[in-house]
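The values are calculated or read from the model by the stated rules, or taken from the named source; none is laboratory data. Predicted model only: the values in this text are computed from it and were never measured. Cβ placement follows ideal geometry from the backbone for every residue including glycine, while neighbour counts extend to all protein chains displayed. Please note that ligands, DNA and RNA were not included when accessible areas were found on the heavy atoms of the full protein model with its side chains. Shrake-Rupley method; radii C 1.70, N 1.55, O 1.52, S 1.80 Å.
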Amino acid sequence: MNNNTKMNSERRIIIDDEVNLKFIINFFLRNKILISCFSILFFVFACIYSLTTKRIWEGKFQIVLDTNDPKSNLNIPLNPLALGNLSNSSSNLNTEVGILESPSVLLPVFEFIKLKNPKKYNNLVFGDWKENLKIKLKPNTSILNITYRDTDKEI
């Protein structure tokens, strides 16, 4: 009898560890109206949201900046004291990025866009245009990522 109770208790433990699919199916069947209402409600809100948001177009490209150094950054220096040269090339890259972000470089591009369609872009302001332009240097490389996002597809 003692052996029988041990086997029964082991069976109960095994049964308790299993997933009761019948219970889960009954739960969903009992609450099908509530689940359906929430699903339809969220679907309608998602459709309304997607139809009312403005479309944003994005254009991007990459530029590889040349540091014009006779030493390439790809060579690993054998001398630990030569590691100081890497920080110098990094500051040169940051300087080049700063130059490319400056209005003296970007203003001709802005003027070209305004001349493309003067009636449409007459009210376009340089500051607003530049806010949509993201210029970032890829970390630990000499690759410059340039991205422009706007609601006007033609720009």
### Task
Could you give me the residue pairs with C-beta distances under 7 Å whose first residue belongs to the range 134-155 and is without any contact (Cβ under 8 Å) to a residue 60 or more places away in the chain and within 17 Å of Ile113 (Cβ to Cβ), whose second residue is hydroxyl-bearing (Ser, Thr, Tyr) and open to solvent by less than 50 Å² (accessible area, probe 1.4 Å) wherever it lies, and which are 6+ apart or on separate chains?
Lys134/Thr147
### Task
Check Ser89 against each of (1) in contact with a helix residue (DSSP H, G or I) (Cβ under 9 Å, 6 or more places away or on another chain); (2) modelled with pLDDT under 85; (3) open to solvent by less than 90 Å² (accessible area, probe 1.4 Å) and name the one condition it does not meet.
(1)
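Quick grid of which residues meet (1) out of contact with any helix residue (DSSP H, G or I) (no Cβ under 7 Å at 6 or more places or on another chain); (2) modelled with pLDDT under 85; (3) not β-branched (Val, Ile, Thr):
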| residue | (1), (2), (3) |
| --- | --- |
| Gly59 | yes, no, yes |
| Asn68 | yes, yes, yes |
| Leu78 | yes, yes, yes |
| Gly84 | yes, yes, yes |
| Thr95 | yes, yes, no |
### Query
Any idea how many residues of the range 127-140 are polar (S, T, N, Q) and either part of a helix (DSSP H, G or I) or surrounded by 13 or more Cβ atoms within 10 Å (Cβ to Cβ) (or both)?
1
### Task
Output the residues belonging to the range 97-141 that are farther than 21 Å from Arg55 by Cβ, at pLDDT 85 or above and among the polar types (S, T, N, Q).
Ser102, Ser104
### Query
Which members of the range 33-57 meet the condition of being open to solvent by 100 Å² or more (accessible area, probe 1.4 Å) and not in a helix (DSSP H, G or I)?
Lys54, Arg55
## Note on the structure
Taking the range 101-126 and keeping only residues that are in a loop (DSSP other than H, G, I, E, B) and aliphatic (A, V, I, L, M), one is left with Leu124, Val125
### Query
Looking only at residues in the range 142-154 that are open to solvent by less than 50 Å² (accessible area, probe 1.4 Å) and at pLDDT below 85, which one is nearest to Leu65 (Cα to Cα)?
Ser142
